[in-house]
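Here is the structure we will look at, set down as structure tokens.
Bear in mind that the values in this text are calculations on the coordinates, not laboratory data. This is a predicted model, so every value here is computed, not measured. Ideal geometry is used to build each Cβ from the backbone, glycine not excepted, and the neighbour counts take in all protein chains shown.
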Amino acid sequence: MASLSRGRLIVKIIPVILTFIAFFFSASDHLDIEGQNEPRNSLPVVEITPSTSVANHPQVDFLATKAKAEKGDAKAQTKTADSYAVGRGVEVDFKEALKWYRKAAAQNEHQAQYNLGYMYYNGEALPRDYQKAVKWFTKSAEQGNAGAQCNLGLMYDNGEGVPQDNAAAIKWYRKAAVQGEPMAQFNMGWMYDNGEGIPEDDTKALEWYLKSARSGHNEAPNYIGILYDNGDGTPEDDIAAYAWWLIGIKRGDEAPRNNIDFLSEKLTPEQLAKAKELSAKLEAEMLGPKNKP
């Protein structure tokens, strides 16, 4: 089979969210990797991360939490802001959400800082300002927030709000990746895969793509399959390539579709059976304990 090109990555701000918050800002909430040869762009997905789980009695919980917030409790201020943002126990009020996020962020509450970075990045409920997004992501990232670390890496990677800087991007990707953040792990793989800001190393690229796939990243299996198909960073293995492409398709990534269709014509029925068996085995393994870098 002719060597398959990995192409260029569409980078995007990671969603580190609970699903109920996803509707908060919807104007630019979705961007998929549609192919393997598209350039980087500056249209990331970014979503607010709530600080706590939903209570059984939202209104009672909201009032109790707001009382704590009014006394200066930073985590309660963040939770109060979350409630205003999504209408949990109170009507949606973005101005109140911003007010309470700012109060919490001023007290160095990392999740509120992350959420302010989100809002400045997307320009929702306040003017878009990449420099302020960088400011708040940095404050959160320096406290170890993996989502903020990855988002900050993406902003350095794209040159948004800061001069483009691959070394800084890799620094922040790595910090997030070792905490198990799937998008950061994927982007570490891509940087090694393409030798961008770091010496090209297909073995390390495969290592990070595998971590990302095991952490649940949808596009990583496609890139793993390509490495196996080309024999880059690992011995060439069509059965493994098929197995990983099948996993990617099951996760909703259509990018491997043409590759797996082409490979299906090459493999014998026995090899196809082995590939499907391997794919099922890999999926079962990934349903177990999370990958720990």
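3J(HN,Hα) couplings calculated from phi for region 193-198 with the Karplus curve 6.51 cos²θ - 1.76 cosθ + 1.60 (θ = phi - 60°) are, in sequence order, 4, 9, x, 9, x, 7 Hz; Gly and Pro show x. Distance from the alpha carbon centroid of region 144-163 to that of region 247-275 works out to 35 angstrom. For region 184-249, the alpha carbon convex hull comes to 61 Å³ per residue, rounded to a whole number.
Residue by residue, region 215-228 carries 3J(HN,Hα) couplings of 8, x, 5, 6, 8, 4, x, 4, 6, 4, x, 5, 4, 5 Hz when phi is fed to the Karplus relation 6.51 cos²θ - 1.76 cosθ + 1.60 (θ = phi - 60°); x denotes Gly or Pro.
How big is the equivalent ellipsoid of region 225-293 along its three axes, where each semi-axis is √(5λ) from the Cα gyration tensor, reported in whole Å from largest to smallest? Please list the in-between numbers first.
Numbers: eigenvalues 76, 38, 33 Å².
Equivalent-ellipsoid dimensions as semi-axes: 19, 14, 13 Å.
Neighbours of Gly117 by Cβ distance under 9 Å: Lys/Arg scored +1, Asp/Glu scored -1, total +3.
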